[in-house]
Amino acid sequence: MASLATLGALFLGVLAAWGLTRGRFPGRDLLDALCTLPLVLPPTVLGYYLIVLVGRRGLLGAWLHETFGVSLMFTWQGAVLAAVVVAFPLVFKSARAALEGVPRTVENAARTLGCGEWAVFVRVSLPLAARGILAGSMLAFARAMGEFGATLMIAGNLPGRTQTLSLAVYSAAQAGDDGLANLLVLLISVVCTVILWTAGRLLKPKW
């Protein structure tokens, strides 16, 4: 689930960062704040927003259920959606910083050679910002892997279906299974440490 959530956050985060980095329009700063908001909101608040949006009676959820018979509540798809929401700001902020660091002179040179905006983005901006975007994606994966509050509210804690590693730690601790809890905590700690170390290396200047 963390891998799928990271891919979703990567796609949405990079597109949003590109749009806000290169676009100039009213409300740009407000939109930037809204994209960053999940980073500071309590996970339970994010979970509540998701219930309001995609729950059976939600703004989007009611339409999905009536039209397609689809419900995201207490499903692994709902768990992925929750993880995407909490991981998105990490990709967005890293991608925006990386894209803002791409020299405009290089992009303008590509435009003078006949490249359109999409070609400039794919062939010039994206490769030059790849290290920062990759670092943000790794942080997003760590955040998605450890997601607890929003996932619990929208997808529950169903072993083998919607249970994440952090929810498994909670369940093991509640059941008094200290051995399993210690093992999972150690696993999460090691993986997150490796991710942070690698992301830090990627963000270091090349020179």
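Quick one: compute the contact order of the range 52-98, relative version, from alpha carbon pairs under 8 angstrom and 6+ residues apart, as a percent.
Details: 26 pairs, mean separation 10.2, N = 47.
Relative contact order here is 22 percent.
Over the chain, average the accessible area per residue using a 1.4 Å probe and give it in Å², no decimals. Please list the in-between numbers first.
Values: 11480 Å² over 207 residues.
For the chain, the per-residue accessible area is 55 Å².
If you take the charge dipole of the chain about its Cα centre, with +1 on Lys and Arg Cβ and -1 on Asp and Glu Cβ, which of Ala144, Gly156, Gly55 is farthest toward its positive end?
Ala144
By the scheme Lys and Arg +1, Asp and Glu -1, what is the net charge of all other residues having a beta-carbon under 14 Å from that of Gly116?
+1
Would you please classify the overall shape of the range 1-119 from the alpha carbon gyration tensor, given that a ≥ b ≥ c denote the square roots of the eigenvalues, rounded means a/c under 1.5, and beyond that prolate means a/b larger than b/c while oblate covers the rest? List each step's numbers first, then the result.
Numbers: a/c = 2.40, a/b = 2.10, b/c = 1.14.
Taking the square roots of the gyration eigenvalues as a ≥ b ≥ c, the range 1-119 is prolate.
Please report the spacing between the Cα centers of the range 129-166 and the range 1-54 in Å, no decimals.
Rounded to whole Å, the Cα centres lie 14 Å apart.
Over the chain, calculate the relative contact order: mean separation of alpha carbon pairs under 8 Å at least 6 apart, over the residue count, as a percent. Could you put the intermediate results ahead of the total?
Numbers: 270 pairs, mean separation 57.1, N = 207.
Value for the chain: 28 percent.
If you filter the range 1-87 for chymotrypsin sites (Phe, Trp or Tyr not before Pro), then keep DSSP loop positions with at most 16 other Cβ within 10 Å, what is left? Each step should come with its number before you reach the end.
Values: sites: Phe11, Trp18, Tyr48, Tyr49, Trp63, Phe68, Phe74, Trp76; in loops: Phe74.
Answer by residue number: Phe74.
In whole Hz and in residue order, list the ³J(HN,Hα) couplings for the range 102-113 that follow from phi through the Karplus curve 6.51 cos²θ - 1.76 cosθ + 1.60, θ = phi - 60°; x for Gly and Pro.
6, x, 5, 5, 5, 5, 5, 5, 5, 5, 5, 8
Please go through the range 112-207 and write out the trypsin sites (Lys or Arg not before Pro) that DSSP classes as loop and that have at most 14 other C-beta atoms within 10 Å.
Arg161, Lys206
Select one label from (i) 49, 24, 19; (ii) 36, 20, 16; (iii) 34, 23, 13: the one whose number is semi-axes √(5λ) of the Cα gyration tensor in Å as derived from the coordinates shown.
Of the labelled values, this structure produces (iii).
Sort Arg28, Arg111 from largest to smallest accessible area, using a 1.4 Å probe on the heavy atoms of the protein chains. Numbers along the way, then the final one.
Numbers: Arg28 45, Arg111 75 Å².
Descending accessible area places them as Arg111, Arg28.
Expressed as a whole percentage, what fraction of the accessible surface of the range 1-61 belongs to carbon and sulfur atoms when a 1.4 Å probe is rolled over the protein heavy atoms? Each step should come with its number before you reach the end.
Working: 2630 of 3610 Å².
Here carbon and sulfur together make up 73 percent of the probe-accessible area.
May I ask for the angle, rounded to the nearest 10°, between helix 178-203 and the longest principal axis of the chain, with both axes built from Cα atoms and the value confined to 0 to 90°?
0 degrees
If the elastic network links every pair of Cα atoms under 10 Å, which of Pro89, Pro43, Pro159 fluctuates the most in the Gaussian network model of the chain?
Pro159
Between Trp118 and Ala130, with labels modelled 7 Å along Cα→Cβ, what's the label distance in nm to one decimal, could you check?
Each label point is offset 7 Å from its Cα along the Cβ direction, giving 2.1 nm.
The values are calculated or read from the model by the stated rules, or taken from the named source; none is laboratory data. Just so we're clear, the structure is a prediction, and the values are computed from it rather than from any experiment. Note: ideal-geometry Cβ built from the backbone for every residue, glycine included; neighbour counts use all protein chains shown. The protein model used for the area step is the full one, side chains on, heavy atoms only, and it has no ligands, DNA or RNA in it. Shrake-Rupley method; radii C 1.70, N 1.55, O 1.52, S 1.80 Å.
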